[in-house]
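Data first, discussion second: the structure below is written as structure tokens.
The values are calculated or read from the model by the stated rules, or taken from the named source; none is laboratory data. On a predicted model such as this, the values are computed, not experimentally measured, just so you know. Glycine also receives a Cβ, built like all others from the backbone with ideal geometry; neighbour counts cover every protein chain displayed.
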Amino acid sequence: MSLTLHGIGVSKGIAIGKVHVIHRDTLEISRKTLTKVDAEVTRFKNAVDLARQQLENIKEQIPQNADVITFIDSHLLMLDDSLLTKVPVDLIYEHSCNAEWALQMQCDEITQIFDNMEDPYLSARKNDVEQVVIRIQRILHGHTDVESETTMAGLANTIILADDLSPADTVLMQHQGILAFATEFGGTTSHTAILARSLGIPAIVGLRRATPYIKVDDTLIIDGEQGIIFVSPDEHCLHHYQNRQNEQKHFRAVLSKIKSSPTVTRDGVPITLHANIEFPEDMDAVKRVGGKGVGLYRTEFLFMNRHSPPEEDEHFEAYLKVINALQGGPVTIRTLDLGADKQVSDSHVTNCNSALGLRAIRLCLNNSQLFKPQLRAILRASALGQVRMMIPMVTGFQELEQVLSIISEIRKELQKKSLDFNPNMPFGIMLEVPAMAICTDLIAPNVDFLSVGTNDLIQYTLAIDRGDEAVNYLYDPLHPAVLRLIKMSIDAAKIADKPISMCGEMASDSHYVKLLLGLGLRSFSVNPELFLEVKQIINNSNLKNLTKLTNQIMATTSSAKITKLIKNLNL
Ligand code: PEP
Ligand code: MG
């Protein structure tokens, strides 16, 4: 009998194949009172060492992928953290108990702290702690295989269904030719979901109770975009999805043909199309789609999963890699935007967990030790390539003055040390706080360029937390207030004769590209995965027609009507 199950689609793509269900045996953990406590501590320490060895082993097996390495490294870091390695030893001594029990007590303690956090990104990190603990517990229970706790060997061309999967499992999946996966637990921001997207494996998480409805060897269709699983689909459904799969393949092949062609509208207007990156290694993806410039380099990822902030030279080395990969192309390096949903694991930057709090430039101005090494590195890098510096979340003019004064101080320092930099390095800000978007006409004369960050601009304009699934339905790029802010910023930048770009996700969304062109946007910076799709839409656009329809959209208040007009726009 065919059946449909719904979860959260976290990595798009369609997969059709036989299912392999992974049932993990639940580990029974009971308390034992021991007399030989020293031996138990040694047993625990050996288990931690073996867990480390397992992770190192996985790291060696996987292809070079920055996201993946980072996740494995974050688990390795936890194995060095006293909370997971020293405290359980103290507990063994204190209670004369077995290692499994001590570790479980400590794990419960840590996960309770995570449970009390409202931030979805942080609460998803609880999952990582649990996965590391399970790894050690399994070793303590005698599963001492150095390879990995889940063997994916022999499962090529199957779809994996599991209660939960660790990032390490996900990595091995791609290596073993697994088609897709679905899990009962997990959310959009879990590391496993992020990895699936980065590795291009269709994936659905948060299915709740799916395993009772799926038998070994059932045929499944996974629609990773819609978050739907079809179990034992009928002929009609199978045929429909096979066609869609073929269409997607064909679409990708067609898109790759425009890789080297210019980005220009049908009526001959050239459009700037750059890419967004998080790591220097992302340049591989940018080059694959023929990208020649980076419009947003999110540098905060260098700060994550580590004990201390990066030093100036480390920043510099990372920028240099991007500059070299671009071979003369421009890179817009955005200064640190930590806080809100982007947290670091350690205390070198704390108290920055609110979207309205000490985030991004506010945090940097509050902590010059964090900010100055990065500014120095960007300035030094500017001597070696087409580097532009961009400041996130600017809210007031005074902030801008403060930043400019620090930069001028640093320039003097560099001059004194005879270190090269580009004195004319373009300096810009992001428009992501409505207050600044409204004042674009006032701020534009003071900067060299502007970039609209719609992810935050929408969040702050509509007063909805961008990470909160409960209010996700209100996250509306077509809200008239958002459209007005975007138009206002583009118009003001034009009058001031300052280039304006958009690097928020709205620019990468195929639904909005024509609308944005109609609003006057002439520069986009997009996710490399969507680069060619956006390029194709631009190359098929006629600006004259778009401008007329866009004016109509701007005069409409009903969302339904706007959606209809957008559809016409995209025809
Ligand atoms: C944005 O807010 O649109 C943006 C590009 O920045 P981030 O997503 O990194 O906050
Ligand atoms: Mg932002």
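So here's what we get for this one:
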{"item": "Residue match in segment 379-390 (condition: β-branched (Val, Ile, Thr), in contact with a strand residue (DSSP E or B) (Cβ under 7 Å, 6 or more places away or on another chain) and under 30 Å from Thr461 (Cβ atoms))", "result": "no"}
{"item": "Flag for Val452 being touching a strand residue (DSSP E or B) at 6+ places or on another chain (Cβ under 6 Å), β-branched (Val, Ile, Thr) and more than 16 Å from ligand 1 (Cβ to nearest atom)", "result": "no"}
{"item": "Residue check, Glu300 more than 14 Å from Lys535 (Cα to Cα) and away from ligand 1 (no atom under 16 Å from the Cβ)", "result": "no"}
{"item": "Segments classed as helices (runs of 4 or more DSSP H), wholly inside segment 527-571, with at least 3 members that are surrounded by fewer than 16 Cβ atoms within 10 Å (Cβ to Cβ)", "result": "543-554, 559-570"}
{"item": "Test: Gly186 is in a loop (DSSP other than H, G, I, E, B), surrounded by 22 or more Cβ atoms within 10 Å (Cβ to Cβ) and modelled with pLDDT under 90", "result": "yes"}
{"item": "Residue selected from segment 1-44 under the condition closer than 14 Å to Arg138 by Cα and at pLDDT 90 or above, by the criterion surrounded by the fewest Cβ atoms within 10 Å (Cβ to Cβ)", "result": "Arg43"}
{"item": "Listing of helices (runs of 4 or more DSSP H) fully contained in segment 429-509 that carry 1 or more residues being under 25 Å from the mean Cα position of the chain (by Cα)", "result": "434-438, 454-462, 480-495"}
{"item": "Residue match in segment 347-360 (condition: surrounded by 19 or more Cβ atoms within 10 Å (Cβ to Cβ), modelled with pLDDT under 95, within 16 Å of ligand 2 (Cβ to nearest atom) and of a type in the set (D, E, K, R))", "result": "yes"}
{"item": "Selection within segment 263-283 - under 28 Å from the mean Cα position of the chain (by Cα) and either without any contact (Cβ under 8 Å) to a residue 24 or more places away in the chain or within 16 Å of ligand 2 (Cβ to nearest atom) (or both)", "result": "Asn276, Ile277, Glu278"}
{"item": "From the options Met502, Met506, residue that is within 16 Å of ligand 2 (Cβ to nearest atom), closer than 22 Å to Asp267 by Cβ and either buried (at least 20 other Cβ atoms within 10 Å of the Cβ) or at pLDDT below 95 (or both)", "result": "Met502"}
{"item": "Segment 424-445 residues that are more than 16 Å from Arg466 (Cβ to Cβ), paired with ones that are away from ligand 1 (no atom under 16 Å from the Cβ) and assigned to a strand (DSSP E or B) (beta carbon under 9 Å, 6 or more apart)", "result": "Met425/Val387; Pro426/Pro330; Pro426/Gln386; Pro426/Val387"}
{"item": "Some residue of segment 379-391 being surrounded by fewer than 18 Cβ atoms within 10 Å (Cβ to Cβ), at pLDDT 95 or above, hydroxyl-bearing (Ser, Thr, Tyr) and away from ligand 2 (no atom under 14 Å from the Cβ)", "result": "no"}
{"item": "Which listed residue is in the same structural domain as Gln327 (by TED's automatic domain parsing), within 14 Å of ligand 1 (Cβ to nearest atom) and out of contact with any Ser or Thr (no Cβ under 7 Å at 6 or more places or on another chain), from Ile429, Ile391, Ile410, Ile438", "result": "Ile429"}
{"item": "Evaluation of Leu404 against (1) assigned to a loop (DSSP other than H, G, I, E, B); (2) aliphatic (A, V, I, L, M); (3) away from ligand 2 (no atom under 16 Å from the Cβ) (one fails), failing number", "result": "(1)"}
{"item": "Criterion violated by Asn446 - all others in (1) surrounded by fewer than 18 Cβ atoms within 10 Å (Cβ to Cβ); (2) under 23 Å from Thr335 (Cβ atoms); (3) within 14 Å of ligand 1 (Cβ to nearest atom); (4) not acidic (Asp, Glu) satisfied", "result": "(3)"}
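For (1) at pLDDT below 95; (2) of a type in the set (S, T, N, Q); (3) surrounded by fewer than 18 Cβ atoms within 10 Å (Cβ to Cβ), each residue gets a yes or a no:
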site: Glu247; (1), (2), (3): yes, no, yes
site: Phe251; (1), (2), (3): yes, no, yes
site: Phe279; (1), (2), (3): yes, no, no
site: Asp282; (1), (2), (3): yes, no, no
site: Gly291; (1), (2), (3): no, no, no
site: Gly295; (1), (2), (3): no, no, no
